[in-house]
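Trainee: Sharing a structure below in structure tokens format, with a few things to ask.
Computed from the coordinates by the stated procedures, all read-outs in this text should not be read as laboratory data. These numbers were taken from a predicted model, which means no experiment stands behind them. All Cβ positions, glycine included, derive from the backbone under ideal geometry; neighbour counts span all protein chains shown.
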Amino acid sequence: MKISVRSAEETIRYAQLLSSLLTSGDIILLNGDLGAGKTTFTKGLAAGLGITKNVKSPTFNLVKEYRDGQLPLFHMDLYRLEGVGAGDLGLEEYFNQSGVSVLEWSQFVAEDIPSAHLVINLEKDDEHDDWRKIEFVASGQRYEQLVSEFAELIKLG
């Protein structure tokens, strides 16, 4: 499924809508170039989960945990792991907790990610700075159902 957005605020609104469908143990992989809106999307997910803390990219920490919402949110920025891999980072511990795991730059730890997950590809528009194309790609039955329900929510407006 693909959608187009024309602002960061619209990206946040779609992420908030998606967050209403998330459950404990969900894994979301955010792909896109620098500045594509991965952290903006995560801010929307956090807001939709009722998280009140300011969400920032965890570039220097690798993982930031937000536990003040309806579900904990584990926000991971794995950019610094390029060429290194996850090693003993313990990603599976996050995947097995009762929260939602959001991974930016997941391609650097692909071998450590469960086969069932939702990939969200964010792509900048060549002509408009704030516009994005967002694609949702489901891997596994849970995420196929999630994308289907999300598409229905979008139709309902």
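Trainee: Compute, for the chain, the length of the dipole vector about the Cα centre, with Cβ point charges of +1 (Lys, Arg) and -1 (Asp, Glu) only. Units Debye, rounded to 20. Write out the running numbers ahead of the final one.
Mentor: On the way: 15 positive and 24 negative charges, 94 e Å.
Using Cβ point charges on Lys, Arg, Asp and Glu, the chain gives about 460 debye.
Trainee: Under a crude label model (7 Å from the Cα following the beta-carbon direction), how far is residue 4 from residue 116 in nanometres?
Mentor: 3.5
Trainee: Enumerate the whole-percent occupancy of each 10 Å bin, from 0 to the last occupied one, for all C-alpha pair distances of the stretch 1-58.
Mentor: Calculated P(r), rounded to whole percents: 23, 59, 19, 0.
Trainee: Sticking with this structure for a sec: At q = 0.19 Å⁻¹, what log₁₀ I(q)/I(0) does a Debye calculation on the Cα points of the chain give, no solvent, two decimals?
Mentor: Debye intensities relative to I(0), on a log10 scale: -1.25.
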